[in-house]
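The values are calculated or read from the model by the stated rules, or taken from the named source; none is laboratory data. Remember, predicted model here, so these are calculated numbers, not experimental data. The protein model used for the area step is the full one, side chains on, heavy atoms only, and it has no ligands, DNA or RNA in it. Shrake-Rupley method; radii C 1.70, N 1.55, O 1.52, S 1.80 Å.
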Amino acid sequence: YAYPIHEQSIATLALTMGFQSVHCSSDVSPMVRMVTRGHTACAAAYLTPSISSYLDGFMAGFEDLEGSGVRLSFMKSDGGLTPANAFGGHQAILSGPAGGVIGYAKTSYHTSSTQTSSSKTPTPVIGFDMGGTST
């Protein structure tokens with residue numbers, strides 16, 4: 001990762017030979033650990049074409065949002081958010097440690113329809129995320 005020129009040269013060669021999906025470990029997972037970097041690059045190479053195809057179809061339904069200032073983001077395995085054009089297969093493998101909590105916070109914490117407009121306070125909801133969807 002510290003000297004990615006060799007990897008980038010091979011990637012350029014692969015692209016000129018007709019490979020459509022090329023992922024350098026130095027780009028996908030810039031860290032010291034070579035084996036971890038290799039695993040991440042393999043996951044990205046295998047999954048990203050399928051996920052990109054799915055996202056193209058998904059995003060086609062949001063063409064009206066373009067230029068509206070509305071931001072559509074996807075949750076990565078680490079719980080962070082990223083725009084669709086930066087979302088890769090290696091980021092979608094696991095559901096993420098914060099997925100359930102963020103989901104509850106964004107969708108369940110709402111104001112009650114029975115409250116008057118002057119006294120609306122959020123109604124907390126208790127959620128349970130036991131994990132295990134990634135194993």
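Numbers for the structure displayed
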{"read-out": "Mean Cα-pair separation over length for the stretch 1-42, i.e. relative contact order, pairs under 8 Å, 6 or more apart, %", "value": "39 percent"}
{"read-out": "Fraction of accessible area attributable to carbon and sulfur, the stretch 1-72 (%, probe 1.4 Å)", "value": "61 percent"}
{"read-out": "Amide H within-cut-off set for Phe74, under 5 Å, with H built and near neighbours excluded", "value": "Thr82, Ala84"}
